[in-house]
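Notes follow the structure.
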Amino acid sequence: PDRKFKVDNDNTGSDGATFVTADQHLSQVFEVGLDGILTMIDVQVFRRGLGAGDLVFDLLPVIGGVPDANLASSLATVTINASDVSLTQDDFLGVDLSAFGITVSTGDLLAVALRGTATLSLGDSFLWSRERPRDYEQGYFRNNTTESWRVVFDSDFGIRTVVDTPEIPEPGTLLLFGIGLAA
């Protein structure tokens with residue numbers, strides 16, 4: 001398959017970052033730009049100090065333009081150890097989704113959601129790079145799992161998506177295949 005980045009919101013040199021803890025969940029909605037298998041999402045997240053417990057990544061369906069509030073409906077959930085998250089703000093953390101077999105089509109709306117497993121500590125925390133003004137789909141936050149998602153004021157969180165697209169044979173290959181079938 002051909003590996004392609006389709007959504008690329010690189011917030012290198014971003015104007016800020018927002019805390020990700022058990023009390024502060026964040027989400028970024030994005031529109032899929034290719035047909036294929038969603039195999040990787042890179043998230044521009046970093047940690048201060050030792051990190052605040054584990055970082056939990058969820059890929060959520062989007063309902064009415066907003067991430068699904070029910071975490072049980074997650075299409076993929078990956079728990080990441082704090083030591084695997086960079087201390088550098090501009091770095092991306094690759095989240096491998098290839099084992100989930102998530103088929104996507106152009107125009108699908110999905111949401112990346114991040115949550116920590118520990119309460120906020122300014123010295124040991126995860127932060128997700130953000131950029132203003134908003135260039136693509138909306139970013140969201142919620143204070144705990146019982147609240148609905150709220151818009152992060154005109155901000156995008158840094159993500160990149162990788163979609164493996166099926167190989168398309170060259171016309172000459174198709175012609176040879178057709179001749180072989182005819183024979």
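Per-residue answers, yes or no, for (1) under 19 Å from Thr39 (Cβ atoms); (2) modelled with pLDDT under 85; (3) open to solvent by less than 80 Å² (accessible area, probe 1.4 Å):
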| position | (1), (2), (3) |
| --- | --- |
| Ala82 | no, no, yes |
| Ser148 | no, yes, yes |
| Val163 | yes, no, yes |
| Gly180 | no, yes, yes |
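For the range 102-122, does any single residue satisfy the condition of being in contact (Cβ under 8 Å) with a residue 24 or more places away in the chain and assigned to a helix (DSSP H, G or I)?
Within the range 102-122, none of the residues are in contact (Cβ under 8 Å) with a residue 24 or more places away in the chain and assigned to a helix (DSSP H, G or I).
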Residues (small (Gly, Ala, Ser) and at pLDDT 90 or above) located in the range 28-52: Gly36
Output for the range 70-93, where each listed residue is in contact with a strand residue (DSSP E or B) (Cβ under 8 Å, 6 or more places away or on another chain) and among the aliphatic types (A, V, I, L, M): Leu71, Leu75, Ala76, Val78, Ile80, Ala82, Val85, Leu87, Leu93
Ala99 being open to solvent by less than 20 Å² (accessible area, probe 1.4 Å) and either acidic (Asp, Glu) or at pLDDT 90 or above (or both): no
Candidate set: the range 59-73, residues that are under 21 Å from Phe126 (Cα atoms) and out of contact with any Leu (no Cβ under 6 Å at 6 or more places or on another chain); chosen: the one surrounded by the most Cβ atoms within 10 Å (Cβ to Cβ): Leu60
Filtered residue count, the range 55-86, keeping only those that are farther than 19 Å from Ala99 by Cβ, free of Cβ contacts under 8 Å to residues at least 40 places away in the same chain and in a strand (DSSP E or B): 1
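The values are calculated or read from the model by the stated rules, or taken from the named source; none is laboratory data. What you see is a predicted model, and the numbers here were worked out from it, not measured in a lab. As a convention, Cβ positions derive from the backbone with ideal geometry for all residues, glycine included, and neighbour counts pool all protein chains shown. Areas reflect the complete protein model, heavy atoms only, side chains present, ligands, DNA and RNA absent. Shrake-Rupley method; radii C 1.70, N 1.55, O 1.52, S 1.80 Å.
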